[in-house]
1. Which whole number of Å³ per residue matches the convex hull of the alpha-carbon atoms in the chain?
2. In percent, what relative contact order does segment 118-269 have, based on Cα pairs under 8 Å that are 6 or more apart in sequence?
3. Using the Kirkwood radius built from alpha carbon pairs, what does the Stokes-Einstein equation give as D for segment 49-119 at 4 °C and 1.567 mPa s, in µm² per second?
4. Sticking with the crude label model, points 7 Å out along Cα→Cβ, report the distance from residue 240 to residue 159 in nm, one decimal please.
5. If you average the sequence gap of Cα pairs under 8 Å that are 6 or more apart and divide by the length of the chain, what percent do you get for the contact order?
6. Can you send over the carbon and sulfur percentage of the accessible area for segment 125-269, probe radius 1.4 Å, protein chains only?
7. Taking the solvent-accessible surface of protein heavy atoms with a 1.4 Å probe, what is the per residue accessible area of the chain in Å²?
8. Would you work out if segment 127-269 is rounded, prolate or oblate? Take a ≥ b ≥ c from the square roots of the eigenvalues of the alpha-carbon gyration tensor; rounded if a/c is under 1.5, else prolate when a/b is larger than b/c, oblate otherwise.
Amino acid sequence: MGLSRIGLAVDTQEMDDKITDAPAFFDGPHGPLAYRRRQPRGAPTGPGLVWLPGYGSDMLGGKATAMAHFAADRGRDSLRFDYSGCGESPGDFEAGAVGRWTEDAAAAIAALTRGPQILVGSSMGAWIALLLLRGRRVPIAGLVLIAPAPDFATELTPTQWSEEDWARLQREGRLEIPGDEGFVMIYTRYLFEDGAQHRVLNAPLQAGCPVRILSGLADDVVPPGHVLRLADHLEAEDMIVRFIKGGDHRLSRDSDIATLLTAMAEIAS
(Lines give C-alpha, C1' and ligand atoms only; values in the text may rest on other atoms or scores of the structure.)
Protein backbone atom coordinates (compact mmCIF):
# COMPACT_ATOMS: atom_id res chain seq x y z
CA MET A 1 0.00 0.00 0.00
CA GLY A 2 1.41 3.36 -0.96
CA LEU A 3 1.65 6.29 1.42
CA SER A 4 -1.07 8.89 1.20
CA ARG A 5 0.03 12.28 2.47
CA ILE A 6 -3.29 14.04 2.18
CA GLY A 7 -3.44 16.97 4.57
CA LEU A 8 0.24 16.69 5.52
CA ALA A 9 2.95 19.28 5.07
CA VAL A 10 5.81 16.83 5.59
CA ASP A 11 8.01 16.86 2.53
CA THR A 12 11.67 16.77 3.59
CA GLN A 13 13.88 13.89 2.51
CA GLU A 14 15.51 13.95 5.94
CA MET A 15 12.20 13.29 7.67
CA ASP A 16 11.28 10.55 5.16
CA ASP A 17 14.57 8.82 5.91
CA LYS A 18 13.94 8.91 9.66
CA ILE A 19 10.48 7.45 9.21
CA THR A 20 11.36 4.63 6.81
CA ASP A 21 14.93 3.67 7.80
CA ALA A 22 15.94 0.30 9.23
CA PRO A 23 14.21 -0.71 12.47
CA ALA A 24 15.70 -0.74 15.92
CA PHE A 25 15.08 -3.62 18.34
CA PHE A 26 14.34 -4.01 22.02
CA ASP A 27 13.91 -7.05 24.22
CA GLY A 28 10.21 -7.77 24.44
CA PRO A 29 8.52 -10.37 26.63
CA HIS A 30 8.68 -12.97 23.85
CA GLY A 31 11.93 -12.02 22.14
CA PRO A 32 13.28 -9.05 20.20
CA LEU A 33 10.68 -6.65 18.77
CA ALA A 34 11.42 -4.46 15.76
CA TYR A 35 10.28 -0.87 16.06
CA ARG A 36 10.52 2.57 14.49
CA ARG A 37 10.22 5.60 16.72
CA ARG A 38 10.17 9.20 15.52
CA GLN A 39 10.79 11.95 18.07
CA PRO A 40 10.40 15.69 17.39
CA ARG A 41 13.46 17.90 17.54
CA GLY A 42 12.05 19.91 20.45
CA ALA A 43 9.67 19.07 23.26
CA PRO A 44 6.57 17.12 22.09
CA THR A 45 3.48 19.26 21.53
CA GLY A 46 1.12 16.66 22.97
CA PRO A 47 0.51 12.93 23.36
CA GLY A 48 2.36 10.62 21.00
CA LEU A 49 0.76 8.14 18.62
CA VAL A 50 1.22 4.37 18.65
CA TRP A 51 0.35 2.07 15.74
CA LEU A 52 -1.13 -1.36 16.55
CA PRO A 53 -1.14 -3.58 13.44
CA GLY A 54 -3.85 -6.01 12.45
CA TYR A 55 -3.55 -9.78 12.14
CA GLY A 56 -0.79 -10.74 9.70
CA SER A 57 0.10 -7.08 9.15
CA ASP A 58 3.10 -4.95 10.12
CA MET A 59 4.33 -1.40 10.72
CA LEU A 60 5.15 -0.57 7.09
CA GLY A 61 1.66 -0.27 5.58
CA GLY A 62 0.21 2.93 4.19
CA LYS A 63 -1.96 3.74 7.21
CA ALA A 64 0.89 3.15 9.66
CA THR A 65 3.29 5.31 7.67
CA ALA A 66 0.65 8.02 7.29
CA MET A 67 0.31 8.07 11.08
CA ALA A 68 4.08 8.52 11.44
CA HIS A 69 4.05 11.46 9.02
CA PHE A 70 1.03 12.94 10.79
CA ALA A 71 2.85 12.82 14.12
CA ALA A 72 6.07 14.25 12.69
CA ASP A 73 4.21 17.13 11.06
CA ARG A 74 2.65 18.07 14.40
CA GLY A 75 5.68 17.72 16.64
CA ARG A 76 4.49 14.47 18.24
CA ASP A 77 6.29 11.26 19.06
CA SER A 78 5.24 8.23 17.06
CA LEU A 79 5.89 4.56 17.64
CA ARG A 80 5.37 1.66 15.28
CA PHE A 81 6.43 -1.90 16.02
CA ASP A 82 5.89 -5.48 14.88
CA TYR A 83 4.52 -8.12 17.22
CA SER A 84 6.76 -11.13 17.88
CA GLY A 85 6.92 -13.38 14.83
CA CYS A 86 5.43 -10.67 12.61
CA GLY A 87 6.96 -8.31 10.07
CA GLU A 88 10.57 -7.58 10.96
CA SER A 89 10.36 -9.08 14.46
CA PRO A 90 11.90 -12.55 14.72
CA GLY A 91 10.00 -15.47 16.17
CA ASP A 92 7.34 -18.00 15.27
CA PHE A 93 4.23 -16.35 13.85
CA GLU A 94 2.14 -19.45 14.57
CA ALA A 95 3.01 -19.23 18.28
CA GLY A 96 1.36 -15.83 18.41
CA ALA A 97 -2.16 -14.88 19.45
CA VAL A 98 -3.97 -11.81 20.72
CA GLY A 99 -2.94 -12.37 24.36
CA ARG A 100 0.74 -12.72 23.53
CA TRP A 101 0.70 -9.77 21.14
CA THR A 102 -1.08 -7.60 23.72
CA GLU A 103 1.82 -8.33 26.07
CA ASP A 104 4.20 -7.23 23.29
CA ALA A 105 2.23 -4.01 22.85
CA ALA A 106 2.19 -3.23 26.57
CA ALA A 107 5.94 -3.81 26.81
CA ALA A 108 6.72 -1.70 23.74
CA ILE A 109 4.63 1.23 24.93
CA ALA A 110 6.06 1.07 28.45
CA ALA A 111 9.65 0.90 27.21
CA LEU A 112 9.55 3.30 24.28
CA THR A 113 7.05 6.05 25.13
CA ARG A 114 6.43 8.56 27.90
CA GLY A 115 3.07 9.66 29.20
CA PRO A 116 -0.39 9.00 27.73
CA GLN A 117 -0.47 7.89 24.09
CA ILE A 118 -3.08 7.90 21.33
CA LEU A 119 -3.50 4.27 20.28
CA VAL A 120 -4.29 3.77 16.59
CA GLY A 121 -5.39 0.15 16.10
CA SER A 122 -6.37 -1.55 12.87
CA SER A 123 -8.63 -4.63 12.89
CA MET A 124 -7.03 -6.97 15.47
CA GLY A 125 -4.93 -3.98 16.55
CA ALA A 126 -8.15 -2.32 17.71
CA TRP A 127 -8.89 -5.43 19.81
CA ILE A 128 -5.43 -5.15 21.37
CA ALA A 129 -6.04 -1.44 22.07
CA LEU A 130 -9.24 -2.37 23.90
CA LEU A 131 -7.44 -5.05 25.91
CA LEU A 132 -4.84 -2.46 26.93
CA LEU A 133 -7.68 -0.13 27.89
CA ARG A 134 -9.55 -2.75 29.89
CA GLY A 135 -6.46 -3.79 31.82
CA ARG A 136 -5.32 -0.17 32.30
CA ARG A 137 -1.93 -1.48 31.22
CA VAL A 138 -0.74 1.76 29.60
CA PRO A 139 -1.80 5.43 29.92
CA ILE A 140 -4.14 6.24 27.02
CA ALA A 141 -4.96 9.72 25.70
CA GLY A 142 -7.27 8.57 22.92
CA LEU A 143 -8.33 5.68 20.70
CA VAL A 144 -8.60 5.55 16.92
CA LEU A 145 -10.07 2.17 15.94
CA ILE A 146 -9.99 1.23 12.24
CA ALA A 147 -12.24 -1.60 11.05
CA PRO A 148 -12.20 -2.83 14.67
CA ALA A 149 -12.37 -6.60 15.09
CA PRO A 150 -12.62 -7.25 18.84
CA ASP A 151 -13.50 -10.84 19.73
CA PHE A 152 -13.23 -11.95 16.10
CA ALA A 153 -12.10 -15.39 17.29
CA THR A 154 -15.52 -16.06 18.83
CA GLU A 155 -17.89 -13.55 17.20
CA LEU A 156 -16.84 -13.25 13.56
CA THR A 157 -14.50 -15.78 11.97
CA PRO A 158 -16.26 -18.99 13.10
CA THR A 159 -19.46 -17.79 11.41
CA GLN A 160 -17.70 -16.73 8.20
CA TRP A 161 -15.75 -19.86 7.41
CA SER A 162 -17.20 -22.99 5.84
CA GLU A 163 -17.86 -25.97 8.06
CA GLU A 164 -15.15 -27.81 6.15
CA ASP A 165 -12.51 -25.16 6.87
CA TRP A 166 -13.47 -24.96 10.52
CA ALA A 167 -13.34 -28.74 10.92
CA ARG A 168 -9.94 -28.85 9.24
CA LEU A 169 -8.58 -26.21 11.63
CA GLN A 170 -9.80 -28.22 14.61
CA ARG A 171 -8.41 -31.45 13.18
CA GLU A 172 -5.00 -30.25 11.95
CA GLY A 173 -4.38 -27.30 14.27
CA ARG A 174 -3.74 -24.83 11.45
CA LEU A 175 -5.34 -23.57 8.26
CA GLU A 176 -3.95 -21.73 5.25
CA ILE A 177 -6.28 -19.42 3.35
CA PRO A 178 -5.09 -17.85 0.06
CA GLY A 179 -5.43 -14.08 -0.13
CA ASP A 180 -4.71 -11.32 -2.62
CA GLU A 181 -1.63 -11.38 -4.86
CA GLY A 182 -0.62 -14.89 -3.82
CA PHE A 183 -0.46 -14.04 -0.10
CA VAL A 184 -1.41 -16.90 2.21
CA MET A 185 -2.92 -16.16 5.62
CA ILE A 186 -2.20 -18.75 8.32
CA TYR A 187 -4.59 -19.35 11.19
CA THR A 188 -3.98 -21.68 14.13
CA ARG A 189 -6.32 -23.43 16.53
CA TYR A 190 -4.39 -21.75 19.34
CA LEU A 191 -5.30 -18.32 17.95
CA PHE A 192 -8.98 -19.06 18.53
CA GLU A 193 -8.50 -20.80 21.86
CA ASP A 194 -6.50 -17.85 23.13
CA GLY A 195 -8.96 -15.35 21.67
CA ALA A 196 -11.80 -16.93 23.62
CA GLN A 197 -9.89 -16.10 26.81
CA HIS A 198 -9.46 -12.43 25.89
CA ARG A 199 -12.92 -11.25 24.99
CA VAL A 200 -13.77 -7.59 25.54
CA LEU A 201 -17.41 -7.48 24.43
CA ASN A 202 -18.64 -9.51 27.39
CA ALA A 203 -18.61 -6.57 29.82
CA PRO A 204 -18.88 -2.78 29.44
CA LEU A 205 -15.69 -0.86 28.77
CA GLN A 206 -15.07 2.59 30.26
CA ALA A 207 -12.95 4.53 27.79
CA GLY A 208 -12.11 7.63 29.81
CA CYS A 209 -10.70 9.23 26.65
CA PRO A 210 -11.87 10.41 23.20
CA VAL A 211 -12.67 7.61 20.74
CA ARG A 212 -12.95 7.60 16.95
CA ILE A 213 -14.14 4.50 15.10
CA LEU A 214 -13.87 4.06 11.31
CA SER A 215 -15.73 1.32 9.44
CA GLY A 216 -16.19 0.56 5.75
CA LEU A 217 -19.72 -0.18 4.61
CA ALA A 218 -18.25 -2.70 2.15
CA ASP A 219 -16.25 -4.48 4.86
CA ASP A 220 -17.01 -8.20 4.57
CA VAL A 221 -14.71 -9.11 7.49
CA VAL A 222 -16.07 -6.82 10.20
CA PRO A 223 -19.68 -5.94 9.28
CA PRO A 224 -21.20 -2.62 10.41
CA GLY A 225 -23.39 -4.44 12.93
CA HIS A 226 -20.31 -5.60 14.84
CA VAL A 227 -18.97 -2.05 14.89
CA LEU A 228 -22.28 -0.73 16.23
CA ARG A 229 -22.20 -3.37 18.93
CA LEU A 230 -18.74 -2.17 19.95
CA ALA A 231 -19.89 1.46 19.95
CA ASP A 232 -22.83 0.59 22.18
CA HIS A 233 -20.56 -1.42 24.47
CA LEU A 234 -17.83 1.23 24.78
CA GLU A 235 -18.69 4.00 27.22
CA ALA A 236 -17.10 7.31 26.20
CA GLU A 237 -18.28 10.91 26.50
CA ASP A 238 -16.52 11.84 23.24
CA MET A 239 -17.04 9.12 20.63
CA ILE A 240 -17.68 9.43 16.90
CA VAL A 241 -18.32 6.49 14.57
CA ARG A 242 -17.80 7.07 10.85
CA PHE A 243 -19.13 4.63 8.26
CA ILE A 244 -17.31 5.02 4.97
CA LYS A 245 -19.26 4.30 1.79
CA GLY A 246 -17.43 1.83 -0.45
CA GLY A 247 -14.73 1.22 2.15
CA ASP A 248 -13.55 -2.36 2.56
CA HIS A 249 -11.76 -3.93 5.52
CA ARG A 250 -8.38 -2.48 4.59
CA LEU A 251 -9.58 1.14 4.37
CA SER A 252 -6.43 1.96 2.44
CA ARG A 253 -7.71 4.22 -0.35
CA ASP A 254 -6.46 7.80 -0.37
CA SER A 255 -9.89 8.97 0.76
CA ASP A 256 -9.89 6.41 3.59
CA ILE A 257 -6.50 7.59 4.82
CA ALA A 258 -7.72 11.19 4.64
CA THR A 259 -10.60 10.19 6.93
CA LEU A 260 -8.11 8.51 9.26
CA LEU A 261 -6.01 11.67 9.40
CA THR A 262 -9.13 13.67 10.25
CA ALA A 263 -9.92 11.29 13.12
CA MET A 264 -6.38 11.52 14.48
CA ALA A 265 -6.44 15.32 14.21
CA GLU A 266 -9.68 15.50 16.19
CA ILE A 267 -8.16 13.58 19.07
CA ALA A 268 -4.71 15.17 18.83
CA SER A 269 -6.25 18.62 19.09
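The values are calculated or read from the model by the stated rules, or taken from the named source; none is laboratory data. Being a predicted model, the structure only gives us computed values, none of them experimental. Methodologically, a virtual Cβ is constructed for each residue, glycine included, from the backbone with ideal geometry; neighbour enumeration extends over all protein chains shown. Remember, those area values only see protein heavy atoms, side chains included, never the ligands or the DNA or RNA. Shrake-Rupley method; radii C 1.70, N 1.55, O 1.52, S 1.80 Å.
1. Hull volume over Cα atoms, normalised by residue count, gives 123 Å³.
2. About 24 percent, as a whole number.
3. 103
4. If labels sit at residue 240 and residue 159, their model points lie 2.9 nm apart.
5. The value is 17 percent.
6. 48
7. Per residue, the chain has an accessible area of 43 Å².
8. Oblate.
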